[in-house]
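For reference, the structure is listed below as C-alpha cells.
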Amino acid sequence: MTPQSEFDNQRERMIGDQIKGRGIHDVRVLAALRAVPRHRFVPERLQNLAYEDGPLPIGNNQTISQPYIVALMTQMLELRPGDSVLEIGTGSGYQTAVLCEIAKQVYTLERHSALANRANALLDDLGYTNVEVYTGDGSQGLPDMAPFDAIIVTAAAPAIPGPLRAQMANGGRMVLPTGERHQQLLQRVRRSGDAWQVESTIPVMFVPLYGQHGFTPSDAG
C-alpha cells in the first residue's frame, strides 16, 4: 500500500508539473487541488496512477478527468467564495470536491445512481458539507435550485443545453465541452441579462452527455 506521504508528494509534483507548468495561476484552484486527495476518487487498484497526467476509468463507462482539465475548467469558472455552483456529471466526485473547496454551495447531478451514491458517501467521509448530490438527466439541470453563479458540465453535449443556459444567474459562467460525439471544443458561456456570450477554447474529448438535451444512446459509435 502506498503511504500517505508518497501520495502527498505525488500531488505536489502534479501541481507543479501538470498544473502550474501549463499556466494555471488561480490561487484558489491551486489550493483546492492541493487539498483534495485525488487518489481517494479512483479505484484502489489504480491509486498509484491517480496523480498521473491522464484520465482514469471509474466504472459505468465513465472516467475521472485528467488533472489539468479539472484545473482548467475550474479556473475558467472564475469562482468566488459566495458562489452557488451546479455540476453536471458527478462521476467520481473529484471535480465536485474541488468545487466545494472554493464555492459556498455545490449541487451535482449524475445520471448513474451507483456513481452518485459512491461519490456522495466519499464526499461525506471527507467532510464536505456544502454539497448536494442528485441523480437524473443532467441536460435538464436542477431548475428548483436555480439560478446558479457557475455551471460546469463534465460530459460532452452536441450543443449548449437550453435549460442550463436558462438556469445561469445574471453574470453567471458556464464551462462545458460541445461538439461531435468523439471531438469537442471546451467552451465558456457568460450571461449578461438576456445575452449569452460564447467563447471557444481548446479541443477536448469527453464521454457523452445523454439526455433530453444531450446525445441519445443511438448516437454512440
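Laboratory data are not the source of any read-out in this text; all were calculated from the coordinates shown. Remember, it's a predicted structure, so these values are computed and weren't measured experimentally. Neighbour counts run over all protein chains shown; Cβ positions are idealised from the backbone, glycine included.
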query = Looking at the stretch 112-127, is at least one residue within 29 Å of ALA195 (Cα to Cα), touching a strand residue (DSSP E or B) at 6+ places or on another chain (Cβ under 7 Å), buried (at least 17 other Cβ atoms within 10 Å of the Cβ) and not aliphatic (A, V, I, L, M)?
reply = no
request  = Quick one: count up the residues across the stretch 66-87 that are closer than 23 Å to LYS104 by Cα and part of a loop (DSSP other than H, G, I, E, B).
outcome  = 6
message = Checking the structure you have, find out if any residue of the stretch 130-151 is closer than 16 Å to LEU33 by Cα and out of contact with any Gly (no Cβ under 6 Å at 6 or more places or on another chain).
response = no
message = For LEU185, only one of the following conditions fails: (1) free of Cβ contacts under 8 Å to residues at least 60 places away in the same chain; (2) over 20 Å from VAL70 (Cβ atoms); (3) touching a Ser or Thr at 6+ places or on another chain (Cβ under 8 Å). What is its number?
response = (2)
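Using the structure shown, decide if THR90 is assigned to a loop (DSSP other than H, G, I, E, B) and surrounded by fewer than 21 Cβ atoms within 10 Å (Cβ to Cβ).
When the stated conditions are applied, THR90 does not pass them.
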query = Restricting attention to the stretch 96-113, which residues are under 17 Å from ALA169 (Cβ atoms), touching a residue at least 40 places away in the same chain (Cβ under 8 Å) and of a type outside the set (A, V, I, L, M, F, W, C)?
reply = TYR107
ask   = Scanning for something in contact (Cβ under 8 Å) with a residue 12 or more places away in the chain and assigned to a strand (DSSP E or B), does the stretch 36-56 turn up at least one residue?
value = yes
ask   = From the residues in the stretch 20-29 that are under 21 Å from TYR128 (Cβ atoms) and touching a residue at least 24 places away in the same chain (Cβ under 8 Å), which one is surrounded by the most Cβ atoms within 10 Å (Cβ to Cβ)?
value = VAL29
message = Quick check on my filter: what residues within the stretch 200-214 are without any contact (Cβ under 8 Å) to a residue 60 or more places away in the chain and out of contact with any helix residue (DSSP H, G or I) (no Cβ under 9 Å at 6 or more places or on another chain)?
response = SER200, PRO203, MET205
message = Among the numbered criteria (1) on the phi > 0 side of the Ramachandran plot; (2) free of Cβ contacts under 8 Å to residues at least 40 places away in the same chain; (3) in contact with a Phe, Trp or Tyr (Cβ under 8 Å, 6 or more places away or on another chain), which one does GLY93 miss?
response = (2)
request  = From the list ARG165, ARG190, ARG173, pick out the single residue that is free of Cβ contacts under 8 Å to residues at least 24 places away in the same chain and surrounded by 15 or more Cβ atoms within 10 Å (Cβ to Cβ).
outcome  = ARG190
query = How many residues are part of a loop (DSSP other than H, G, I, E, B), closer than 20 Å to LEU77 by Cα and not aliphatic (A, V, I, L, M) when one looks only at the stretch 129-164?
reply = 5
